[in-house]
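Every read-out reported here was derived from the displayed coordinates using simple, explicitly stated rules and does not represent laboratory data. As the structure is a computational prediction, the values presented were derived from the model and not from experiment. Methodologically, a virtual Cβ is constructed for each residue, glycine included, from the backbone with ideal geometry; neighbour enumeration extends over all protein chains shown.
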Amino acid sequence: MAVGELVEAALPMIADWLPGQRWYAGKGQAITGLRPVTATPLVTGDPAMLHLLLRVEHGEQSDLYQLLLGLRAEAPADLLPEASLGSLTHGPYDGAALYDAVHDPELTGRLLAHLATADRFGPLAFRRTPGPGLPSDLLGRAGTAEQSNTSVIFGTAFILKLFRRISPGTNPDLELSLALSRAGSTRIPRVAAWFESRMAGSEPATLGLLQRFLPDAEDGWELALDQVARLKGDPSPGNFAVEAHRLGRATAEVHRVLARALPVARLDREQTGRLATGMAERLDVAAAAVPALRRYRPALHAAFQQLTADHLTGLMVQRIHGDLHLGQAMRTPHGWVLLDFEGEPAKSVAERRLPQPALRDVAAMLRSFDYAAAHLLAGAPQPDPQLAHLAASWAARNRTAYCAGYTAAGGTDPAACPELLRALEIDKAVYEVVYEARHRPSWLPIPLTAIHRLATTI
Ligand SMILES: Nc1ncnc2c1ncn2[C@@H]1O[C@H](COP(=O)(O)OP(=O)(O)O)[C@@H](O)[C@H]1O
Ligand SMILES: O=P(O)(O)O[C@H]1O[C@H](CO)[C@@H](O[C@H]2O[C@H](CO)[C@@H](O)[C@H](O)[C@H]2O)[C@H](O)[C@H]1O
């Protein structure tokens, strides 16, 4: 494969295609440069697959992205339009179709085969966990979920998450999932393999994570929305609180295993100050970006100031999920399983790896019950007061049940730390305001309504 020429010919096509991808984080900023960092052929012949780590520059900033480029003399017949980068028009591959290889089942199947045999290609190292061997003859189909990354599913056996925006070092999703897997936790899908890039002078960067696929799992967000929708007139709305209680138990169990497997610490006085300052700084940055937040700043700052050193000194901090919500919880026939321990995509990896109060995850999940309830009312110009009352009661009931389950399984009782819980909920809602303003502006009223409530009920 004439790698250099191929990359040269592909770069302008990538520049056109990249901004349209769901996982591309630099939307709205003009790309000022594309710099290939590594280009590694993983499959040669027809079809071919080229692995590319590409530095995308926008102004002063830059991000590193992982691309898997497929190349065939004839484009696959059923290729989705958004997966196509077009046809090469010069050089040794003149006329060949260039596309996102994650949509080519044969090529993603070859990726699984590399994982199965723990291959090494130039800077790319494929690694397996001990245990039963992996099949090497399955085809992969790209998942359809709206994701920050790209997942490929192999039959009903495995799911491979391909991280798109790459940071140096071990991705927390791999780090925490491995720690939980090694401790024998059944609250996450078992890790089977991963692959990483080993570049001279830097830590290996995680590129992909293969886990058991949960074929019988139901997504917690979909389940909750289904229950909430029944509030609109079903005489026998289901009792999701039982599930919320179980989910609270599952969260506490995961926290317990993480606290045993990875370092924990107790906050000293200086660190307690940094916890509150971090929240205040994030609020100010968010308010600068989203004007609707500004009027709430004084009240929200006041809530953060209630986090005094006396409250927090000695508080235990540990590794946590970092972005827990109902969509990261899957109900299986054997109970709740948690996914995606990557943390909030907008934070740096260093920040995401810092030990945190475990209540941060609890607060995030409490926000999610509120989201599910608010989703019912979203879009209506004049919400029906009776429905609004039912939705608020649904959220309150499930929030209480979740906290009770968390406490029953040995987690710190959230009710025992009301100032901290409230500050953590505000911090999360502020993050959500920015997230929605950037990705789903029509959903912005959901966290803003919560901000209004949190700011006006002190
Ligand atoms: N092990 C699994 N089994 C079944 N479905 C899964 C599994 N892992 C992920 N999924 C599905 O893929 C979706 C996206 O996965 P996630 O890890 O949250 O990716 P991202 O980091 O890109 O958001 C999940 O919401 C879930 O529906
Ligand atoms: O799943 P991701 O890791 O990509 O997380 C991001 O997207 C989530 C939305 O999919 C977002 O979660 C917010 O919306 C959820 C409903 O769609 C809701 O249940 C969550 O409570 C709410 O925070 C998450 O914040 C973001 O990081």
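Compactness of the stretch 218-456 is given as radius of gyration and Dmax, 17.4, 54 Å, from Cα positions.
Can you compute the charge dipole magnitude of the chain about its Cα centre, using +1 on each Lys and Arg Cβ and -1 on each Asp and Glu Cβ, nothing else charged? Give it in debye, rounded to the nearest 20. Let's see the in-between values first.
Working: 45 positive and 48 negative charges, 273 e Å.
Its charge dipole is roughly 1320 debye.
Around the amide H of Leu42, modelled in the peptide plane, lie the amide H atoms of Met49, Leu50, His51, all under 5 Å away and 5 or more residues distant in sequence or on another chain. In the calculated pair-distance distribution of the chain, the portion above 34 angstrom amounts to 38 percent of the Cα-Cα pairs. Charge dipole of the stretch 1-101 (Cα centre as origin; +1 on each Lys and Arg Cβ, -1 on each Asp and Glu Cβ, all else neutral): 240 debye, rounded to the nearest 20.
In this simple spin-label model, placing a label point 7 Å from the Cα along the Cα-to-Cβ direction at both Ala2 and Thr449 gives a separation of 6.0 nm. 3J(HN,Hα) along the stretch 449-455, derived from phi through the Karplus expression 6.51 cos²θ - 1.76 cosθ + 1.60 where θ = phi - 60°, amounts to 5, 5, 4, 4, 5, 5, 7 Hz, with x in place of Gly and Pro.
Using the scaling law 2.2 N^0.38 Å as the reference, what is the normalised Cα Rg of the stretch 185-249?
Numbers: Rg = 19.4 Å, N = 65, 2.2 N^0.38 = 10.7 Å.
That ratio works out to 1.81.
The residues neighbouring Tyr406, those whose beta-carbon lies less than 12 Å from its own, together hold a net charge of +1 under the Lys/Arg +1, Asp/Glu -1 convention.
For a Förster distance of 22 Å, can you work out the FRET efficiency between the beta-carbons of His58 and Glu344, rounded to the nearest 0.05? Calculated transfer efficiency: 0.60. Taking amide hydrogens as placed 1.01 Å from N in the peptide plane, the amide H of Phe121 sits under 5 Å from those of Phe126, each at least 5 positions away in sequence or on another chain.
P(r) tail for the stretch 35-78, what percent of Cα pairs lie past 14 Å? Kindly include the intermediate steps, with their values, before the conclusion.
Details: 521 of 946 pairs.
Result for the distance tail: 55 percent.
Just going by the charge dipole of the chain, with Lys and Arg at +1 and Asp and Glu at -1 on Cβ, which of Gly411, Leu376, Leu231 is farthest out on the positive end? Farthest towards the positive end: Gly411.
What net charge is computed for the residues neighbouring Ala116, neighbours being all others with C-beta under 12 Å from the C-beta of Ala116, Lys and Arg scored +1, Asp and Glu -1? It would help to have the intermediate numbers written out before the result.
Numbers: positive: Arg110, Arg127, Arg128; negative: Asp119, Asp137.
With Lys, Arg at +1 and Asp, Glu at -1, the net is +1.
Farthest towards the positive end of the charge dipole of the stretch 77-165, among the residues Ala101, Phe154, Pro132, is the Cα of Pro132, using unit charges on the Cβ of Lys, Arg, Asp and Glu. To the nearest 0.05, what FRET efficiency results for Arg165 and Arg190 with a Förster distance of 30 Å applied to their C-beta separation? The value I calculate is 0.75.
Just the projected area, averaged over all directions, of the convex hull on the alpha carbon atoms of the stretch 1-101: how many nm²?
It is 6.1 nm².
For Thr156, put the label point 7 Å out on the Cα→Cβ axis and report which residues of the stretch 206-225 keep their amide N under 19 Å from it. Counting only backbone N, you get 211-219.
Rounded to whole numbers, the Karplus 3J(HN,Hα) couplings from phi for the stretch 174-189 are 5, 4, 6, 5, 5, 4, 5, 4, 5, 7, x, 5, 9, 8, 9, x Hz, using 6.51 cos²θ - 1.76 cosθ + 1.60 with θ = phi - 60°, and x at Gly and Pro.
5 Å is the cut-off here: which amide hydrogens, built 1.01 Å from N in the peptide plane, fall below it relative to Met199, excluding neighbours closer than 5 in sequence? Hits under the 5 Å cutoff: Ala205. FRET efficiency for the Ala229 to Glu351 pair, using the beta carbon distance and R₀ = 41 Å, is estimated at 0.65. Each residue of the stretch 98-107 is assigned a 3J(HN,Hα), and the resulting list reads 10, 7, 6, 5, 5, 9, 10, x, 5, 5 Hz, derived from the Karplus form 6.51 cos²θ - 1.76 cosθ + 1.60 (θ = phi - 60°), x at Gly and Pro.
Gain on full extension, evaluated as 0.36 nm per residue between Val264 and Glu281 minus their Cα-Cα distance, stands at 3.6 nm. Extending 7 Å from the Cα toward the beta-carbon at both Ala309 and Glu203 defines two label points whose distance is 3.0 nm.
Its alpha carbons considered, the stretch 319-458 gives a radius of gyration followed by a Dmax of 15.3, 46 Å.
D for the stretch 79-183, whole µm²/s, Stokes-Einstein with Kirkwood Rh over alpha-carbon pairs at 25 °C and 0.890 mPa s: what number? Spell out each step's value before the answer.
Details: Rh = 15.8 Å.
After rounding, the answer is 155 µm²/s.
Protection proxy ranking, highest mean first, for peptides 60-69, 99-108, 125-134: 99-108, 60-69, 125-134, where packing is the per-residue count of other beta-carbon atoms within 10 Å, averaged.
Net charge around Pro333, counting only other residues with Cβ within less than 11 Å of its Cβ (Lys, Arg = +1; Asp, Glu = -1)? Once positives and negatives cancel, what remains is -1.
Please give the length that would be gained between Arg295 and Met316 if that part of the chain were fully extended, namely 0.36 nm times their separation in residues minus their C-alpha to C-alpha distance (nm, one decimal).
Numbers: separation 21, 0.36 × 21 = 7.56 nm, distance 3.33 nm.
Stretched out fully, the Arg295 to Met316 stretch lengthens by 4.2 nm.
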